[in-house]
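The values are calculated or read from the model by the stated rules, or taken from the named source; none is laboratory data. Here the structure is a predicted model, which means the values were calculated and not measured. Cβ sites come from the backbone with ideal geometry, for glycine too, and all protein chains shown count toward neighbours. The accessibility values were calculated without ligands, DNA or RNA, using every heavy atom of the protein model including side chains. Shrake-Rupley method; radii C 1.70, N 1.55, O 1.52, S 1.80 Å.
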Amino acid sequence: MAAATLMRKIGSAINEAALGSRISSGWYDPHMAAASRAVVERIPLVDFVLEVRDARIPKTSEYELMKNYPLSSKRIIILNKTDLADRSQTEFLTFLQARVRELKKSGHSSHATTMMLVGIPNVGKSALANSLHQIGRISAAEKGKLKNAIVSPQPGETKNISSLKIASHPNIYVLDTPGIFPPKILNIEVCSKLALTGAIRDILVGEQLLVQYLLTLINSSDKYKKWGNLSATDSLLECSTCPSLEKQKRGYPSDHTQDIIVNDVRRILFETISTFDGNLEDEKGMGNLIETQLLALHKALHVPMGFDNDSPIKVASKLLNLYRTGRLGRYTIDSLPNNT
């Protein structure tokens, strides 16, 4: 119930921004409209289309433009954001090379094969393109300066289509494209999931509303139970037995990514959820728990309590960052059938 209310607020904020004056701040702007036309023009010309989706929201992150094209052997869906190691990326490149060889056997006469990476903003297309390019150049022992696609934690940073060579013998090139949304997203649940995972700029919704949605999901799951072995005593022992950690904490108290601070955050979430005696199915009860958690997290994240709005936003931003980088566990937000 609490999650549904927050999703309505997030969805309304996003759709209002799409129609209002803030359209240029991260929604369907002229760059995205131009990129949509460019991608549609190139789809028939490339040999393969690699649709990149976010593994946390594999249904929600579906690429709208591909809905107009039938499923075929030339369309490959990639689930990204699964913390792939270099070995996995190398195996993926080997898979692509095998598909290209199959294409050659079927009568493809071109000397080079072109693949186009498509997807919504911030699913990791550019990072994937860079990894494949680097691995391909190293494996081919080719010399020369590596090209790099722009990679950013903010959605919408890729503005143009760029080409990177990822393999030789046969020659394979990958086109990295800007992330694209449809002009309107009417489904409020889709809007909320896209915003939480960072596909939509936080400014359109607000970090404080997003972190309430995040904490609702964490509080409603049982993943917090694995943090039950953490305690304040453990943190103190860790500091006393590892002087370098204590020195690091004193030197960079605002760095929320340090293990000792992350453990404090996990511990607080575990303690507040496990000791809560209210009804989490009730919107008011969930709201009370979230308020308690955010107050407790000010200290853990080294954010001083202030009389302005900056401190709650800083807490929300840091907590969202820990979630989006996997420091608070792995969450598949989309509900998937058992046979998927």
- Scan region 56-83 residue by residue and report those that are outside any strand (DSSP E or B), hydrophobic (A, V, I, L, M, F, W, C), touching a residue at least 12 places away in the same chain (Cβ under 8 Å) and open to solvent by 20 Å² or more (accessible area, probe 1.4 Å). Leu65
- Task: All but one of (1) at pLDDT below 90; (2) farther than 26 Å from Leu319 by Cα; (3) of a type in the set (A, V, I, L, M, F, W, C) hold for Ile180, so report the exception by its number.
- Result: (1)
- Message: Based on this model, can you work out whether Lys105 counts as at pLDDT below 75 and charged (D, E, K, R)?
- Response: yes
- Query: Could you count how many residues in region 253-279 are under 18 Å from Val211 (Cα atoms), open to solvent by less than 50 Å² (accessible area, probe 1.4 Å) and not β-branched (Val, Ile, Thr)?
  - Reply: 5
- Note on the structure: Picking from Lys247, Lys226, the residue that is modelled with pLDDT under 90 and open to solvent by 40 Å² or more (accessible area, probe 1.4 Å) would be Lys247
- Provide a single number: the residues in region 7-33 that are part of a helix (DSSP H, G or I), more than 13 Å from Ile185 (Cβ to Cβ) and modelled with pLDDT under 85. 7
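One line per residue, one yes/no per condition, for (1) crowded, with 23+ Cβ neighbours inside 10 Å; (2) in the same structural domain as Gly287 (by the TED database); (3) in contact with an Asp or Glu (Cβ under 6 Å, 6 or more places away or on another chain); (4) at pLDDT 90 or above:
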{"position": "Gln154", "(1), (2), (3), (4)": "no, no, no, no"}
{"position": "Glu157", "(1), (2), (3), (4)": "no, no, no, no"}
{"position": "Ile161", "(1), (2), (3), (4)": "no, no, no, no"}
{"position": "Lys165", "(1), (2), (3), (4)": "no, no, no, no"}
{"position": "Asn171", "(1), (2), (3), (4)": "no, no, no, no"}
{"position": "Val190", "(1), (2), (3), (4)": "no, yes, no, yes"}
{"position": "Leu194", "(1), (2), (3), (4)": "yes, yes, no, yes"}
{"position": "Asp202", "(1), (2), (3), (4)": "no, yes, no, yes"}
{"position": "Gln208", "(1), (2), (3), (4)": "no, yes, no, yes"}
- Query: Does Ile135 satisfy being open to solvent by 30 Å² or more (accessible area, probe 1.4 Å), at pLDDT 60 or above and touching a helix residue (DSSP H, G or I) at 6+ places or on another chain (Cβ under 8 Å)?
  - Reply: yes
- Note on the structure: Of those in region 306-326 that are modelled with pLDDT under 90 and of a type in the set (D, E, K, R), the residue surrounded by the most Cβ atoms within 10 Å (Cβ to Cβ) is Asp310
- Note on the structure: Those residues of region 62-100 that are at pLDDT below 85, farther than 30 Å from Leu328 by Cβ and β-branched (Val, Ile, Thr) come to a total of 2
